[in-house]
Amino acid sequence: MSARILLLEDDESLKLILSRALSSAGYQVRATASIDAVLNWVRAGEGDLLLADVLLDGTSFLESLGMVKRLRADLPVIVMSAQTTASTAISAEKGGVFEYLPKPFDLDLMLTTIASALGDSRRRQPDGNLAEPTGLIGQSSAMQATFKAIGRAATSGAHVMISGEAGTGKRQAANALLRARGVKPDDVALITPSHRTEEIFKSTAAAAQLLWLRLDEWSPQQQRAARDALDTGTGRVIATLSTPGSAALDSRLLGRLSECVVTLPPLRERPSDIPVLCDAFLSEFAARDSQVTLQLSPPARALIDKADWPGNVVELRAVLSRLSLSTRGRLAGPDDVARAMMHDQPDQKDELEAHASRLASAALGAPDARQLASDALDRALLEQALARSEGNRSKAAEMLGVNRNTLARRLTELSGKS
């Protein structure tokens, strides 16, 4: 007897195409656009596999996935979705689906996945703890692979290494993983390159969940302390780094952290995601600033699409934020985009002079007023550059037009004065 497929899809054209493809492959198909109908079929023991769209007339099937699994825990479920977000992939993975297929997908891939699911006796079970939205979005194959990796990591207790260039969203991905694992922010031991060796050892040996940021910037002594503490502690680590192949990384520590790897692609490797990111960011800024959503003219969009974006998503977001504030809801053209990309606001010089005047006024009257003002300005510049580069000192130094050693020396000097 041929396998029975339950198909849940509210797009009539797609439902017809999928039904015909499944029937041609030798399966019996029962199709509907109703979640309630599917639940009744599952309750009655019908079907050997459920193929379901995630979003049905504004309702998410993932909200009913737990009920499906409670009714029949061994029923393999494959979900299809045009919702290209990490939260969708994580929710599907944690809900116990066999596979998550982002739309559009190849019919041959769907048939191969169904055959694999029907022959796989290792059914993944849900844990009932679905993740909150993460803001990580993208339709490209590169990001879909990343979403799946995040989903797998969310259901695992393994150490996780998140790698990617500066600005790709490593910290955001780490936060998504922590939420998906049900870890509260107060329960996370956050460790950065600024922590002392003894602090790293103590936190790593004692904490249940650790978040290590910019591991490739840690000194050899810091890395050895972390490695030794891992040997004695029981905590789980999520680590971020920009250069996983760096010779400066301790090979034994890297091996321990490579139990599960999530790689975030640079924006240049997923240019098809730029329009989606633009729309999401501009909607966010409209809500933030209580204004209508900024519209981009076709030439403006073309300029954004063709840009290199060496700072990746973080740089794109910063440019769109400046653009949204400067245009205040009117249609933005390519000249507006060019100014935002060059940090060349029309009143930038006047604004800088006004800030400088306020700084001078605050410093005058204090001992060493000139040095005090100089330190305050340098501290602000360094903090902003490090924030925009996600703490990458080499990129921050490049932004400021100095070498990395000069930046490090100035940071040390200012730290001693704070």
Which numbered condition trips up ASP74, out of (1) assigned to a helix (DSSP H, G or I); (2) loosely packed, with under 15 Cβ neighbours inside 10 Å? (1)
Quick one: is GLY169 of a type in the set (Gly, Ala, Ser), assigned by TED's automatic domain parsing to the domain that holds THR243 and either modelled with pLDDT of 85 or more or over 30 Å from ASN392 (Cβ atoms) (or both)? yes
Region 11-22, residues that are surrounded by 17 or more Cβ atoms within 10 Å (Cβ to Cβ) and under 17 Å from SER81 (Cβ atoms): LYS15, LEU18
Going by the conditions given, is ALA408 surrounded by fewer than 17 Cβ atoms within 10 Å (Cβ to Cβ), in contact with a Leu (Cβ under 8 Å, 6 or more places away or on another chain) and modelled with pLDDT of 75 or more? no
Take the conditions within 30 Å of LEU277 (Cβ to Cβ), aliphatic (A, V, I, L, M), in contact with a His (Cβ under 7 Å, 6 or more places away or on another chain) and in contact (Cβ under 8 Å) with a residue 40 or more places away in the chain and apply them to LEU257. Does it pass? yes
The lone exception for LYS202 - which of (1) closer than 27 Å to SER394 by Cβ; (2) surrounded by 15 or more Cβ atoms within 10 Å (Cβ to Cβ); (3) without any contact (Cβ under 8 Å) to a residue 60 or more places away in the chain it fails: (1)
Go through region 163-191 and count every residue that is surrounded by fewer than 19 Cβ atoms within 10 Å (Cβ to Cβ) and part of a loop (DSSP other than H, G, I, E, B). 3
Could you pull out the residue among ALA37, ALA25, ALA44, ALA52 that is over 19 Å from GLY95 (Cβ atoms) and surrounded by 15 or more Cβ atoms within 10 Å (Cβ to Cβ)? ALA25
Among the candidates ASP57, ASP53, residue that is touching a residue at least 12 places away in the same chain (Cβ under 8 Å), at positive phi and either more than 21 Å from the chain's Cα centre (by Cα) or not assigned by TED's automatic domain parsing to the domain that holds VAL276 (or both): ASP57
For region 213-226, does any single residue satisfy the condition of being without any contact (Cβ under 8 Å) to a residue 60 or more places away in the chain, more than 11 Å from ILE191 (Cβ to Cβ), touching a helix residue (DSSP H, G or I) at 6+ places or on another chain (Cβ under 6 Å) and not in a loop (DSSP other than H, G, I, E, B)? yes
Taking region 145-162 only, how many residues are within 14 Å of PRO265 (Cβ to Cβ) and surrounded by fewer than 20 Cβ atoms within 10 Å (Cβ to Cβ)? 2
Output for region 134-144, where each listed residue is part of a loop (DSSP other than H, G, I, E, B) and either surrounded by 21 or more Cβ atoms within 10 Å (Cβ to Cβ) or assigned by TED's automatic domain parsing to the domain that holds GLY235 (or both): THR134, LEU136, GLY138
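When you go through ARG288, ARG328 one by one, which is the residue that is on the phi > 0 side of the Ramachandran plot and not hydrophobic (A, V, I, L, M, F, W, C)?
None of the others qualify; the one that does is ARG328.
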If LEU294 passes every condition in (1) crowded, with 17+ Cβ neighbours inside 10 Å; (2) touching a residue at least 60 places away in the same chain (Cβ under 8 Å) but one, which one does it miss? (2)
Which of the residues spanning region 384-399 are at negative phi and either assigned by TED's automatic domain parsing to the domain that holds THR168 or outside any helix (DSSP H, G or I) (or both)? SER389, ASN392
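The values are calculated or read from the model by the stated rules, or taken from the named source; none is laboratory data. This is a predicted model, so every value here is computed, not measured. When we count neighbours, we look across all protein chains shown, and the Cβ atoms used for this are built from the backbone with ideal geometry, even at glycine.
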